[in-house]
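Worksheet for the structure shown next.
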């Protein structure tokens, strides 16, 4: 059967797909498409596939691996962005797509929404907690600065530090906006943190991340997650100084201290030397005043204690005077004591034991006479009273025997205490010519007549002229008796 003739040309599938592609690319060329990023996925090949949608339609898009470094901003799901590129087709699936060459946020609203979402996520992770903040050192030796090497920011920081208190500055130059700025800023922070103490490059004591003012899009590098995490994990105290005083970026929440401007960051990093000198002078004056107050207080306490203490020198002087007085009186007192003892012994008269015995015998004889008279009266009474005659004399005799025994005991004790017993043991009693007892050799004068009494008799003698020998030590105080 013959095919009917027609004016419609025949196309192969490839030809038709190529014609559609050329038509789309020729009709639209480069376009800017605004929509919300969705279904974004990065493949191992390095290409990124996503879709742009609004409330009525959706278009698929692709970012080739070779264009990612120049894309400007990495896409995120849920963020409204403006994609710049060209319309093309994918013949294998008979669909058209947008080949994206550049991405940018669709106005400040989209940027702020993205920043707020990231801020809430960082808060949930605890990266903004005050407990993570580190104190800024009082006087750092080395200050690390992360900023652009061009522009007024680094010059302001250097000038401020040189004016306040010159310190060593390490600059890590980075781009502060544009594609790849966030990655380089984060790498600079981590690089400073990785410097080991004592190495060839000194480790900073504090880091300043600074940038001048700009629009929200210009400051977006400091709102990137990679920069925020690097600042939060840095072990070196970090000061953020991004934009002007009214500008706030997420790195301000993650840093240990926020400065409104780069100049203010330099002022926070180092103190003013003039102010330190003034504070040191004031502190020194206060220390001197405090020390003087303490010394005065201690001096007053010592004076009060001195008034309450006795006068030691005066007491020592009185004691010395009393000692001198006693030392002066002691020889005279000893001589007086010896003289008194000598006089008391001189007047002492020891009775002879025989005198005592005779006195006792006389007393016994008197008692015997009284007893005889009593017996005579008793006999007379007995004669008058026969009953009395019948009484026995035995009790009276017993009493007499008892009294006699007592008398004999006393006589024996008296004999034992008599100086006659002492003479019988070989001693002699020395008397002067008048019969007075001599008890000290010092009282005998040369040529004095003496009477020496022994147990069996008495003899006379004359003292020679030799000095008397004294008992006791050769020097010092002698015996008192």
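The numbers here are math on the coordinates, done by the rules we state, and not lab data. The structure presented is a predicted model; accordingly, all values stated were derived computationally and were not measured. We place every Cβ from the backbone using ideal geometry, glycine too, and count neighbours over all the protein chains shown.
Tabulated data
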| item | result |
| --- | --- |
| Long-range tail of P(r) for the stretch 207-307 (Cα pairs > 17 Å, %) | 64 |
| Peptide ranges 252-265, 270-283 listed from the most packed, as the mean C-beta count within 10 angstrom indicates | 252-265, 270-283 |
| Computed Kirkwood radius, in angstrom, where 1/r is averaged over Cα pairs of the stretch 235-280 | 11.6 |
| Cα-based convex hull volume of the stretch 13-79 per residue, rounded to whole Å³ | 136 |
| Extension gain from residue 290 to residue 15, taking 0.36 nm per residue of separation minus the Cα-Cα distance | 89.0 nm |
| Estimated [θ] at 222 nm from DSSP helical runs (n ≥ 4, -39500 (n - 2.57)) normalised by residues in the chain, nearest 500 | -15500 deg cm²/dmol |
| Ratio Rg/Rh [Cα only; Rh per Kirkwood] for the stretch 114-271 | 0.94 |
| In degrees, nearest ten, helix 181-194 long axis to first principal axis of the chain (Cα) | 20 |
| Rounded if a/c under 1.5, otherwise prolate or oblate - the stretch 125-185, Cα gyration tensor axes | oblate |
| Exposure proxy ranking, count of Cβ atoms within 10 Å, fewest first, for 246, 147, 38, 73 | 246, 38, 73, 147 |
| 0 to 90° range, to nearest 10: angle between helix 353-384 axis and the chain longest Cα axis | 70 |
| Whole-Å semi-axes of the ellipsoid equivalent to the stretch 1-147 (Cα gyration tensor, √5λ, descending) | 49, 16, 13 |
| Order of 251, 123, 59 under a 10 Å beta carbon neighbour criterion, fewest first | 123, 59, 251 |
| Tilt relative to the chain, helix 107-125 - C-alpha long axis, 0 to 90 degrees, to 10 | 30 |
| Between the stretch 175-222 and the stretch 274-315, the Cα center-to-center distance that results, in Å | 54 |
| Value of Rg to Rh for the chain (Rh from inverse mean 1/r over Cα pairs, i.e. Kirkwood) | 1.82 |
